[in-house]
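Each remark here refers to the structure printed beneath this line.
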Amino acid sequence: MKVHPSQVVAGCMIIQDVMGKTNRPIIPKNTVVHPIHMRVLNQFKVGVVEVANRLSDGSAFIPEESMEDTEVEEHKEQESPESLSQLTFQEQYLEAVQAYKKWFEDWRGGTPVDISAVRKVMVPLLERAAQSNRDVFLLHHFSSKDDYYYHHSVAVGLLSGYIASKMNYSYGDWIQIGLAGVLSDSGMAKVEARIINKTGALREEEFNKIRKHPTYSYRYVEKTPLLTQNAKLAILQHHERLDGSGYPLGLQQGKIHSYSQIIAVSDMYHAMTSERTYRKKHSPFRVLEEIQKEQFGRFDHTVVQAFIKEMTNYSQGTKVKLSNNQQAAIVFVESSHPTRPMVQLEDQSIYALRDHHDLYIEEVLD
């Protein structure tokens, strides 16, 4: 929706670049509004801002009346009823986050998991995500540190289903993998809120309680006929690692289901690219490199390669921001170095990022 800057509140999701007098945005799309952004909008005398109809926590955004909304109303009149009635991917995603938040509170109160309700919300979103890697790649933008766990579960489901679909699993299988991803952390509802929300380091006994959540998640879905046994195993094993260092059972390669490895990689990727109460988010490209290098031997190589391939599948000309704040365009992606393509800077110089280890892609701009 288009609103006047005076109606924007913290938590709003900006869905179109806010342009200044130059050809660069003063606030890029997919930004979660904080007080500093509200000051920028006022200082630059921006007339109209396009925001999602839900806040970053998934709740509905209902703008207050503004005395300066004439320009906004003129813009609204130009929009067709069709465009107003259709949810964007981001809005549909935020609705799913809000639904998950309610489910989680119900589970915390002792209500059993309703797989039918989860399917009703998630299957259409999984289908939509499978059609667009760009939306899936930007999921970390939508997350907020206050509601991280709700965002995380929905995002892990979408990432898992998306990657499985690209690995040529059948429709039924990748939907099951996506649903398993969504429900993999449902057992966190049985962990004390003070532990989940703790901002400091966990004590050993606290972490031991966290390590039980895959078992709790499995118990929630153990008897439902709407999930396959493979999906249930994926939920139970999504924190197992091939070298035996995972939990809750310390299983090793050969005893870990392939579905669980898809969820495991998706889980780690989203966790590291999202801002949390105790840790800053990291560049998706740096995270992919760490998964590729540092986690060798812990994750299934086939899954890791498929994940990296799909999450770096950008066409020639895609604009990016580098770690030195320069903007560039991707010129060529080498299959052997997918996170370090050749890029062309604004001064037309070309860099092969594989030869510049101190420089990396910070963010994709379009």
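The values are calculated or read from the model by the stated rules, or taken from the named source; none is laboratory data. Remember, predicted model here, so these are calculated numbers, not experimental data. Here Cβ is always computed from backbone atoms with ideal geometry, including for glycine, and neighbour counts include all displayed protein chains. Accessible surface areas use protein heavy atoms only, side chains included; no ligands, DNA or RNA. Shrake-Rupley method; radii C 1.70, N 1.55, O 1.52, S 1.80 Å.
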Residue 282: modelled with pLDDT under 95, within 30 Å of residue 361 (Cβ to Cβ) and in a loop (DSSP other than H, G, I, E, B), yes or no? yes
Take the range 60-70 and flag every residue that is among the small types (Gly, Ala, Ser) and at pLDDT 85 or above. 60
Number of the condition not met by residue 335 [criteria: (1) over 25 Å from residue 29 (Cα atoms); (2) surrounded by 18 or more Cβ atoms within 10 Å (Cβ to Cβ)]: (2)
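Taking only the range 141-176 into account, find how many residues are within 17 Å of residue 233 (Cβ to Cβ), buried (at least 19 other Cβ atoms within 10 Å of the Cβ) and not β-branched (Val, Ile, Thr). Show your work before the answer.
Start the filter on the range 141-176 by keeping residues that are within 17 Å of residue 233 (Cβ to Cβ), which leaves 156-157, 160-161, 164, 169, 172-176.
If we keep only those that are buried (at least 19 other Cβ atoms within 10 Å of the Cβ) as well, we get 156-157, 160-161, 164, 174-176.
If we keep only those that are not β-branched (Val, Ile, Thr) too, we end up with 157, 160-161, 164, 174, 176.
Summing the residues that are within 17 Å of residue 233 (Cβ to Cβ), buried (at least 19 other Cβ atoms within 10 Å of the Cβ) and not β-branched (Val, Ile, Thr) in the range 141-176 gives 6.
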Where in the range 177-269 are there helices (runs of 4 or more DSSP H), lying fully within it, with 1 or more residues that are open to solvent by less than 20 Å² (accessible area, probe 1.4 Å) and either touching a Pro at 6+ places or on another chain (Cβ under 6 Å) or among the polar types (S, T, N, Q) (or both)? 213-221, 229-237
Being in contact with a strand residue (DSSP E or B) (Cβ under 8 Å, 6 or more places away or on another chain) and buried (at least 16 other Cβ atoms within 10 Å of the Cβ) is the filter here, so list the residues in the range 285-303 that pass it. 285, 291, 298
For the range 338-359, which positions are open to solvent by 30 Å² or more (accessible area, probe 1.4 Å) and in contact with a helix residue (DSSP H, G or I) (Cβ under 8 Å, 6 or more places away or on another chain)? 342
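Residue 100 - would you say it is of a type in the set (Ser, Thr, Tyr) and open to solvent by less than 30 Å² (accessible area, probe 1.4 Å)?
Yes, satisfied.
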Please go through the range 309-332 and pick out each residue that is assigned to a strand (DSSP E or B) and open to solvent by less than 20 Å² (accessible area, probe 1.4 Å). 320, 322, 328, 330
Looking for whichever is modelled with pLDDT of 75 or more and either polar (S, T, N, Q) or assigned to a helix (DSSP H, G or I) (or both) here; the options are 87, 41. Which one fits? 41
